[in-house]
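Trainee: What follows is a structure written as structure tokens; I'll ask about it next.
The values are calculated or read from the model by the stated rules, or taken from the named source; none is laboratory data. It should be emphasised that the depicted structure is a prediction, and the values quoted were computed from it without experimental measurement. Reconstructed Cβ throughout: ideal geometry from the backbone, glycine too, with neighbour counts over all protein chains shown.
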Amino acid sequence: MTKTSIIARKSQKSSLATLKGLLPFLAPYKREFILAGIALVVAACATLAIPYAFKQMIDLGFGAAGSKSIRHVDLYFLALFGVACVLAISTAARFYTVSWLGERVTADMRNAVYRHVVTQSPQFFETTQTGEVLSRLTTDTTLIQAVVGTSISMALRNTLLFAGGLAMLFVTSVRLSSIIIVLLAAVVLPIVLFGRRVRKLSRDSQDRIADASAMAGEILNAMPIVQAFTHEAVESGRFGASVENAFKTAMRRIRARSLLTVIAILLVFGAIVFVLWLGAHAVIQGAMTGGELGQFILYAAIVAGSIGALAEVLGEAQRAAGATERLLELMSVRSPIQSPANPLPLPPRIGNGAAVALKDVVFHYPSRPQAASLSHLSLAIEPGETVAVVGPSGAGKTTLFQLLLRFYDPQQGSVTFDGVDIRQLDLHALRDAIGIVPQDTVIFSADAMENIRYGRVDASDEEVIATARMAAAHEFIEKLPQGYRSFLGERGVRLSGGQRQRIAIARAMLKNPPLLLLDEATSALDAESERLVQSALEAAMVGRTTLIIAHRLATVQRADRIIVMESGHIVETGTHASLIALGGIYANLAALQFHANR
């Protein structure tokens, strides 16, 4: 499947330099990095001191005789234990500090990515799968946590050990060290070249995991439909194929990384063994002491071990670079809908609702640029007026709501709120002045009280209950096991469609906005509930402007004005009676509905 998501772009020239994008998240914790660096240096120095202590012990202890030899052995064993104590304490301090940094930076990144995602316009979510975003919030940040909390520390530690061990090798034997350096240089090139392939496979692996997560999220959110069409086996097969694809991609990465490890270790240790063979001949010939050879062996082991560890860390860093690249791509996405730098204030509220106007508006959705949803549409709504919008599906009714909420900006024309172009208003100020009951009711995984309080977070329990009574929701909420504290389930699965609708109506009423948008607000209600809610909505409409979208014409007959839309145009305007008398589209819709209801 071809991805249209703008965050799924593949970078052709990405490298470990991508990890520089983590610097803004690391910068606030300089003190912790300094403490970790101190512990790191102390631990490295303690490690590098061990081979020198062994040399002294061998040459001055075992090479001497009598009580002096015993004193040297005791002294150097005590020194070794002291070095071990320093090494243990500094290593523990380093581990604690860098682990804290890893957890802290990962938490900061998750918060930053989430804060960024929730500010995106609906255009972003038209082209991006939710599961893909969740994969970045979880899997990718976990990889970065491993790098910040472990790999960076390991890389620095092994770099210090490599540099220090190499220096001590030259101190021990210039000739043998020169030979080993030439050999090591010859093995670095294949390791670097192969590392690039590992990185590309790491990025591919993360993409396949994101694909599987996106598919799982989509199917789990549509389980009633899946089961109604008996597609459980089909969807299980699709997900299984996606997981298998991710597994195969991961195995290619694992095989490449395993081969990289084999190459690195064999080449490095092969070079070291060859040099040590030369060193053994030097001891036999008297050119080196046994202690110097032992010291050289230990330092060579430290250098070889550090190179092997760096190769291992490089593999982790390659994966983290891919994860970082994906997160930075997500963070770089900018919503086309932004508050202006210097927003204008909303005019003072008089109490009769808001004046709304659309002037010569032309709009098409970014995902459907060839099809205009609204075409040169003009509409003026007076404060306190109740306007109903009817028409066939696809006429552009819901698009009106999305433009008023400024989820999108029109390609031509303007939308004004109390005479001010909404592009000049702060987004939160605009949306705080609008209440909406959407056609697809959204219920959060919380109790009934908090779901209604979502309309105004500072509302008291008494205000929530009073609003629920107005929305005809109080009675059924009281019958729930824990009343208003009853958990409603994910997406409100414990409620009927009509009950969910009434929760949404109560939420909008609690907000008490000057402009109320009702998108099929009573569509899921039975006749009795519709009567109760309609009465409550009529009371809520007093003193505010109301815009109603409805297919059921019985709910809009009392509107001050009815607008009939077709193909993005307003084709009829009037009251229920005048439109019936006109004998046009509305009259035909009314005849069909009212005749069917007889």
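Trainee: Would you say Ser153 is within 20 Å of Leu48 (Cα to Cα), of a type outside the set (Lys, Arg), in contact with a Lys or Arg (Cβ under 9 Å, 6 or more places away or on another chain) and not assigned by TED's automatic domain parsing to the domain that holds Phe407? So that I can check it myself, show each step before the final result.
Mentor: Details: within 20 Å of Leu48 (Cα to Cα): yes; of a type outside the set (Lys, Arg): yes; in contact with a Lys or Arg (Cβ under 9 Å, 6 or more places away or on another chain): yes; not assigned by TED's automatic domain parsing to the domain that holds Phe407: yes.
Yes: the conditions hold for Ser153.
Trainee: Another question about this same structure. What's the number of the only condition in (1) buried (at least 17 other Cβ atoms within 10 Å of the Cβ); (2) touching a helix residue (DSSP H, G or I) at 6+ places or on another chain (Cβ under 6 Å) that Ser367 fails to meet?
Mentor: (1)
Trainee: For the range 382-490, which fully contained strands (runs of 3 or more DSSP E) count at least 1 residues that are of a type outside the set (A, V, I, L, M, F, W, C) and farther than 26 Å from Ala550 by Cα?
Mentor: 412-417
Trainee: Which condition from (1) within 29 Å of Ser153 (Cβ to Cβ); (2) under 39 Å from the mean Cα position of the chain (by Cα) is the one that Gly240 breaks?
Mentor: Among (1) within 29 Å of Ser153 (Cβ to Cβ); (2) under 39 Å from the mean Cα position of the chain (by Cα), the lone unmet condition for Gly240 is (1).
Trainee: Which of the residues belonging to the range 470-504 are more than 34 Å from the chain's Cα centre (by Cα) and either surrounded by 15 or more Cβ atoms within 10 Å (Cβ to Cβ) or within 15 Å of Thr441 (Cβ to Cβ) (or both)?
Mentor: Within the range 470-504, Met470, Ala471, Ala472, Ala473, His474, Phe476, Ile477, Leu480 meet the criteria.
Trainee: Would it be correct to say that Pro347 is assigned to a loop (DSSP other than H, G, I, E, B), at pLDDT 90 or above and over 24 Å from Asn588 (Cα atoms)?
Mentor: No; evaluated as a whole, the condition is false for this residue.
Trainee: Provide a single number: the residues in the range 563-576 that are farther than 20 Å from His364 by Cβ and out of contact with any Phe, Trp or Tyr (no Cβ under 7 Å at 6 or more places or on another chain). Give the derivation first.
Mentor: So the first thing to find is which residues in the range 563-576 are farther than 20 Å from His364 by Cβ, and the list is 563-564, 572-576.
Filter once more, so that each one left must be out of contact with any Phe, Trp or Tyr (no Cβ under 7 Å at 6 or more places or on another chain): 563, 573-576.
Going through the range 563-576 one residue at a time, the tally reaches 5.
Trainee: When residues of the range 97-137 are filtered for being of a type in the set (S, T, N, Q) and without any contact (Cβ under 8 Å) to a residue 40 or more places away in the chain, how many remain?
Mentor: The qualifying residues number 1.
Trainee: Select from the range 543-568 the residues that are under 21 Å from Ala506 (Cβ atoms), at pLDDT 75 or above and exposed (fewer than 15 other Cβ atoms within 10 Å of the Cβ) and list them in ascending order.
Mentor: Once the filter is applied, which keeps residues that are under 21 Å from Ala506 (Cβ atoms), at pLDDT 75 or above and exposed (fewer than 15 other Cβ atoms within 10 Å of the Cβ), the range 543-568 yields only Gly543.
Trainee: Given the conditions (1) in contact with a Phe, Trp or Tyr (Cβ under 9 Å, 6 or more places away or on another chain); (2) touching a residue at least 60 places away in the same chain (Cβ under 8 Å); (3) surrounded by fewer than 22 Cβ atoms within 10 Å (Cβ to Cβ), and given that Gln411 satisfies all but one, which numbered condition is not satisfied?
Mentor: It fails just one condition, (2).
Trainee: For Gln424, work out the one condition from (1) at positive phi; (2) in contact (Cβ under 8 Å) with a residue 40 or more places away in the chain it doesn't fulfil.
Mentor: (1)
Trainee: Yes or no: Val283 assigned to a helix (DSSP H, G or I), free of Cβ contacts under 8 Å to residues at least 12 places away in the same chain, of a type outside the set (D, E, K, R) and touching a helix residue (DSSP H, G or I) at 6+ places or on another chain (Cβ under 6 Å)?
Mentor: So Val283 fits the description; yes.
Trainee: I would also like to ask the following. What do you reckon, is Leu298 assigned to a helix (DSSP H, G or I), surrounded by 16 or more Cβ atoms within 10 Å (Cβ to Cβ), modelled with pLDDT under 80 and not small (Gly, Ala, Ser)?
Mentor: On the way: assigned to a helix (DSSP H, G or I): yes; surrounded by 16 or more Cβ atoms within 10 Å (Cβ to Cβ): yes; modelled with pLDDT under 80: no; not small (Gly, Ala, Ser): yes.
For Leu298, the condition - assigned to a helix (DSSP H, G or I), surrounded by 16 or more Cβ atoms within 10 Å (Cβ to Cβ), modelled with pLDDT under 80 and not small (Gly, Ala, Ser) - is not met.
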